Amino acid sequence: MNFIELANTRQSVRNYSSTQVEREKIMKCIEAARIAPSASNSQPWKFIVVDEPELKNKVARETFSSLVSFNKFVLQAPVIIAITVEKVQAITQIGGRIKNREYALYDIGIAAEHFCLQAAELDLGTCMLGWFNEKPIKKLLNIPDKRSVALLITLGYAENNVIREKKNNR
């Protein structure tokens, strides 16, 4: 598959089958994310694989509430990847302050997309989540105070393989 075909295949999946994801496929996705470019090659990320069902469901429950229910599908996903961000190198911090940019968040976005594209190539579905309760998730996953949860990604086999048409916003 060429790149544009791969990019068209990647979509946010919100309906997962109960099929477990093979460990080697998870590790391939993490490796694809690990080699993503980052400002000053700081690689400010860490990836936490949450695939133990009880813990995964506790984390999933921190992505929705009785008022905000749009992430309830997360309970279906067999895997959640937590991407944490760490303090970046001094040169990147200085540049970020001068330009009023959080380069580490750009870096996380690039790494996350590498992860999701690799997953798509492996016939896995993903959905990036920015809406979650960070404090309880940090506690559940034993994440130190100096790190924060930048993004969660659900991972699994889609219930159906229908690729939705992409909007043309040109």
*Hey, can you tell me all the residues within region 125-137 that are of a type in the set (A, V, I, L, M, F, W, C) and modelled with pLDDT under 95?*
Trp131
*Could you list, in sequence order, all residues of region 77-107 that are at pLDDT 95 or above and not small (Gly, Ala, Ser)?*
Pro78, Val79, Ile80, Ile81, Ile83, Thr84
*Pairs under 6 Å by beta carbon, first residue farther than 21 Å from Leu75 by Cβ in region 109-128, partner of a type in the set (Phe, Trp, Tyr), six or more apart or different chains?*
Ala111/Trp45
*Do we have Ala112 as at pLDDT 90 or above and not β-branched (Val, Ile, Thr) here?*
yes
*Residue by residue through region 131-154, note down the ones that are within 17 Å of Phe64 (Cα to Cα) and part of a strand (DSSP E or B).*
Val149, Ala150, Leu151, Leu152, Ile153, Thr154
_Which of the numbered conditions does Leu67 fail, given that it passes all the others? Conditions: (1) farther than 20 Å from Ala36 by Cα; (2) modelled with pLDDT of 95 or more; (3) hydrophobic (A, V, I, L, M, F, W, C); (4) surrounded by fewer than 20 Cβ atoms within 10 Å (Cβ to Cβ)._
(2)
_Number of positions in region 107-130 that are of a type outside the set (Gly, Ala, Ser) and assigned to a helix (DSSP H, G or I)_ = 10
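Let's see how each residue does on (1) in contact (Cβ under 8 Å) with a residue 40 or more places away in the chain; (2) of a type in the set (Gly, Ala, Ser):
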{"residue": "Leu6", "(1), (2)": "yes, no"}
{"residue": "Thr9", "(1), (2)": "yes, no"}
{"residue": "Ser18", "(1), (2)": "yes, yes"}
{"residue": "Arg23", "(1), (2)": "no, no"}
{"residue": "Ile30", "(1), (2)": "yes, no"}
{"residue": "Pro37", "(1), (2)": "yes, no"}
{"residue": "Ala60", "(1), (2)": "no, yes"}
*Quick one: which residue in Leu122, Leu140 is more than 12 Å from the chain's Cα centre (by Cα), closer than 17 Å to Glu31 by Cα, surrounded by fewer than 20 Cβ atoms within 10 Å (Cβ to Cβ) and at pLDDT 95 or above?*
Leu122
*Output for region 155-170, where each listed residue is in contact with a Gly (Cβ under 7 Å, 6 or more places away or on another chain) and assigned to a loop (DSSP other than H, G, I, E, B)*: Tyr157
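The values are calculated or read from the model by the stated rules, or taken from the named source; none is laboratory data. This structure is a prediction, so every number in the text was calculated from the model and none was measured. Positions of Cβ are generated from backbone atoms using ideal geometry, with glycine treated the same way; all protein chains shown enter the neighbour counts.
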